[in-house]
């Protein structure tokens, strides 16, 4: 899709009532997002809200799958904020890849449904351009005790 024909993603976000948060400050030696050629890679984003972690714990234990799905949505918004700060949201051509990590209680196997929180948000905002390849991985621990972490690869012009 040519840049002239592509919708304004910032306008689309306003239409659906979504607000991008401030970019979450890194908690170690990295940057929130980096660009190489036509791709932007974000660092893993945990569910930070107003500078604080929204939840801790394991999904399927302390955190319900439904709560975790909402946290994955928050992670996705944080990733989009990092993209916006680096290149501007309206330069996004498409979401290429989503990688989601779920701190999982023993026996929890619902990682794909949790990461749908991120995937569905990208669909709401970007429509067909939000369709992406994805991995949803269960892990024993995430930084700061977060229940979910999401990183994305985005094609930009």
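Taken together, the criteria exclude residue 123 from residues that are at positive phi, surrounded by fewer than 18 Cβ atoms within 10 Å (Cβ to Cβ) and part of a helix (DSSP H, G or I). Annotation: residue 66 fulfils all but one of (1) surrounded by fewer than 17 Cβ atoms within 10 Å (Cβ to Cβ); (2) more than 15 Å from the chain's Cα centre (by Cα); (3) over 19 Å from residue 116 (Cα atoms); the unmet one is (3). Across the range 43-53, the qualifying residues are those that are assigned to a loop (DSSP other than H, G, I, E, B) and within 14 Å of the chain's Cα centre (by Cα), and the one among them that is nearest to residue 89 (Cα to Cα) is 43. Scanning the range 106-118 for residues that are part of a helix (DSSP H, G or I) and either surrounded by fewer than 16 Cβ atoms within 10 Å (Cβ to Cβ) or in contact with a helix residue (DSSP H, G or I) (Cβ under 8 Å, 6 or more places away or on another chain) (or both) turns up 112, 113, 114, 115, 116, 117, 118.
So that you can scan it fast, the table gives a plain yes or no per residue for (1) outside any strand (DSSP E or B); (2) in contact with a helix residue (DSSP H, G or I) (Cβ under 7 Å, 6 or more places away or on another chain):
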residue: 7; (1), (2): yes, no
residue: 14; (1), (2): yes, no
residue: 21; (1), (2): yes, yes
residue: 25; (1), (2): yes, no
residue: 31; (1), (2): yes, no
residue: 41; (1), (2): no, no
residue: 55; (1), (2): yes, yes
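Quick check: anything in the range 72-85 at pLDDT 95 or above, over 19 Å from residue 52 (Cα atoms) and in contact with a helix residue (DSSP H, G or I) (Cβ under 9 Å, 6 or more places away or on another chain)? So that I can check it myself, show each step before the final result.
First, pick out the residues of the range 72-85 that are at pLDDT 95 or above: 72-85.
Adding the requirement that they be over 19 Å from residue 52 (Cα atoms) leaves 83-85.
Restricting the remaining residues to those that are in contact with a helix residue (DSSP H, G or I) (Cβ under 9 Å, 6 or more places away or on another chain) gives 83-84.
Looking for residues that are at pLDDT 95 or above, over 19 Å from residue 52 (Cα atoms) and in contact with a helix residue (DSSP H, G or I) (Cβ under 9 Å, 6 or more places away or on another chain), one finds at least one in the range 72-85, hence yes.
Are any residues in the range 143-157 over 13 Å from residue 72 (Cα atoms) and either in a loop (DSSP other than H, G, I, E, B) or within 15 Å of the chain's Cα centre (by Cα) (or both), and if so, which ones? Lay out the reasoning, then the answer.
The initial filter retains those residues of the range 143-157 that are over 13 Å from residue 72 (Cα atoms), namely 143-145, 153-157.
153, 154, 155, 157, listed by residue number.
The values are calculated or read from the model by the stated rules, or taken from the named source; none is laboratory data. This structure is a prediction, so every number in the text was calculated from the model and none was measured. Heads up, the Cβs are rebuilt from the backbone with ideal geometry, glycines too, and the neighbour counts pull from every protein chain shown.
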